[in-house]
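Report on one structure; see the data block that follows.
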Amino acid sequence: MNSAIETLAPYAFTALSQRKSALQSQGMELFDFGIGDPQDPTPAFIRQSLTDALQPESRYPTAAGLPELRQAIAGWFGRRFSVTLDPDVHVLPANGSKEALFNLGTALLDDPRRGPQAVGVPELAYQVYADSAWLHHAEVIHLPLGSDWLPDLSALTPEVLGRLRLLWLNYPNNPTGAVAPLSYYREALALAERWGFYVASDEAYSELWYDSPPTSLLQAGLGRAIAINTLSKRSNMTAYRSGVIAGDAQVVAALRGVRPRMGVATPEFIQRAAVAAWEDEAHVTAQRRRYAERRALLIDVLERKGLTVDASEATFYLWVRVPEWVEQRSSRQFAEWLLERGIVVLPGEFLGVRGATHVRLALVPPLETCQRAAEILDRVL
Ligand SMILES: Cc1ncc(COP(=O)(O)O)c(C=O)c1O
């Protein structure tokens with residue numbers, strides 16, 4: 001057995017779903033802002049592209065994916081970020097972004113017997129970055145977040161930088177909704193160049209913004225940079241498992257070599273649907289509008305009731321500070337208090353100790369559900 005499995009933190013969402021089921025079986029109606037799984041339909045034209053692509057014969061897909069898909073993704077990066085990618089050199093499709101986040105470790109982390117290696121993970125982060133590092137036998141270095149919710153790069157000492165192989169960033173951020181300026185990406189890549197590590201940027205939420213479109217790591221350069229994106233949030237396609245790995249030519253070449261061995265090739269009918277999704281922006285604009293309405297409604301009630309919504313500039317998350325009157329000001333206590341009143345949120349501490357001051361609301365339920373939840377919050381807070 002891989003001994004690292006025993007040291008993994010329990011998967012936070014399992015505990016939450018058990019607690020929800022228990023309350024629902026008692027007949028309680030729940031308004032679920034707990035999990036970031038979009039609830040709006042996948043646009044009809046994308047579903048149609050999938051069914052149109054179903055063939056009578058079933059053949060193995062390739063891990064490198066259809067040239068049309070790599071082309072569509074490169075085209076999207078060009079239009080969205082003014083970044084020029086060669087579809088054959090800088091782009092690989094992924095089965096959603098989660099497996100890509102996890103499997104990047106296989107390309108970048110070596111046999112630990114060949115020397116110590118560390119992976120930098122923000123102290124508050126999506127669980128997969130640290131899990132992948134652990135299971136690839138690398139040391140996890142938790143980077144403190146500054147008041148801007150960005151990892152403090154100055155906390156990386158020469159001693160750590162000497163063995164750092166990979167630094168994880170995730171902006172727009174889950175759970176805080178914070179965004180990173182291009183200058184920050186430039187700083188991270190300059191450091192990576194100097195010390196010989198890679199920067200991986202999880203950009204799953206890059207398209208869910210309100211005021212101005214967030215930047216990509218790849219705008220700061222392709223060398224030592226890997227951006228991972230997905231159709232899950234942008235196009236409501238979590239079930240399709242369709243994402244992308246883009247950036248550094250050597251990393252993409254290494255992954256292109258090793259991924260066929262992993263069994264992570266995306267079915268071709270999914271790839272055809274993905275081409276349609278990457279080539280259309282109108283549905284993404286419409287989806288942003290839906291989130292903006294829900295966001296305005298909930299921010300309004302929370303702020304009227306004296307709560308503080310921090311960061312939350314992009315993504316479909318609201319990062320809400322635990323009010324003073326909550327026992328020990330604990331995110332778990334506040335989440336439990338809200339749950340007893342039918343509102344499901346995620347305690348920030350599920351995603352790292354630094355999250356203990358906040359709870360996270362995912363604005364995924366439809367507007368009418370958000371309206372009913374807002375009425376409850378108006379009454380109980
Ligand atoms: C920060 C972040 N990255 C990646 C993912 C995974 O997305 P995908 O559906 O592409 O695997 C999620 C899912 O919630 C996420 O929050």
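Figures for the structure shown
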{"read-out": "Globularity ratio of the chain, using Cα Rg and 2.2 N^0.38 Å", "value": "0.99"}
{"read-out": "Given charges at Cβ of Lys, Arg, Asp, Glu: the chain dipole, positive-most of 130, 170, 302", "value": "130"}
{"read-out": "Dipole of the chain, positive direction: furthest Cα of 242, 34, 157, with charges on the beta-carbon", "value": "242"}
{"read-out": "Length-normalised contact order for the chain - Cα pairs under 8 Å, 6+ apart - percent", "value": "24"}
{"read-out": "Spatially proximal aspartates and glutamates relative to residue 233 (Cα-Cα < 15 Å; intrachain offsets below 8 disregarded)", "value": "37, 40, 202, 203, 207, 280, 281"}
{"read-out": "Solvent exposure ordering (accessible area, 1.4 Å, most first) of 131, 37", "value": "37, 131"}
{"read-out": "Efficiency of FRET from Cβ geometry, residue 159 and residue 110, R₀ 22 Å, rounded to 0.05", "value": "0.70"}
{"read-out": "Nearest-10 value in Å² for the accessible area of residue 25, using the 1.4 Å probe", "value": "100"}
{"read-out": "Residue 23 paired with residue 1, simple spin-label distance in nm, labels 7 Å along Cα-to-beta-carbon", "value": "3.3"}
{"read-out": "Structure-based [θ]222 nm, the chain - -39500 (n - 2.57) summed over DSSP H runs of at least 4, per residue, nearest 500", "value": "-12000 deg cm²/dmol"}
{"read-out": "Solvent-accessible surface (1.4 angstrom probe) belonging to residue 82, in square angstrom, nearest 10", "value": "100"}
{"read-out": "Accessible surface of residue 237 - all protein chains present, 1.4 Å probe, nearest 10 Å²", "value": "0"}
{"read-out": "Distance between region 309-361 and region 119-196 - C-alpha centres, whole angstrom", "value": "23"}
{"read-out": "Rg to Rh, two decimals, where region 1-139 supplies the alpha carbon set and Rh follows Kirkwood", "value": "1.04"}
{"read-out": "Solvent-accessible surface ranking, highest first, for 350, 33 at 1.4 angstrom", "value": "350, 33"}
{"read-out": "Residue-normalised accessible area of the chain, expressed per residue, 1.4 Å probe, Å²", "value": "43"}
{"read-out": "Cα centroid separation - region 1-65 against region 259-293, whole Å", "value": "15"}
{"read-out": "Sites residue 13 and residue 379 - FRET efficiency at Förster radius 22 Å, r taken between beta-carbons, to 0.05", "value": "0.20"}
{"read-out": "Accessible carbon and sulfur surface of region 55-278 relative to its total accessible area, %, 1.4 Å", "value": "52"}
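The values are calculated or read from the model by the stated rules, or taken from the named source; none is laboratory data. Only a predicted model underlies this, so the values are computations on that prediction, with no experimental measurement involved. Cβ sites come from the backbone with ideal geometry, for glycine too, and all protein chains shown count toward neighbours. In case anyone asks, the SASA skips ligands and DNA or RNA and just uses the protein heavy atoms, side chains included. Shrake-Rupley method; radii C 1.70, N 1.55, O 1.52, S 1.80 Å.
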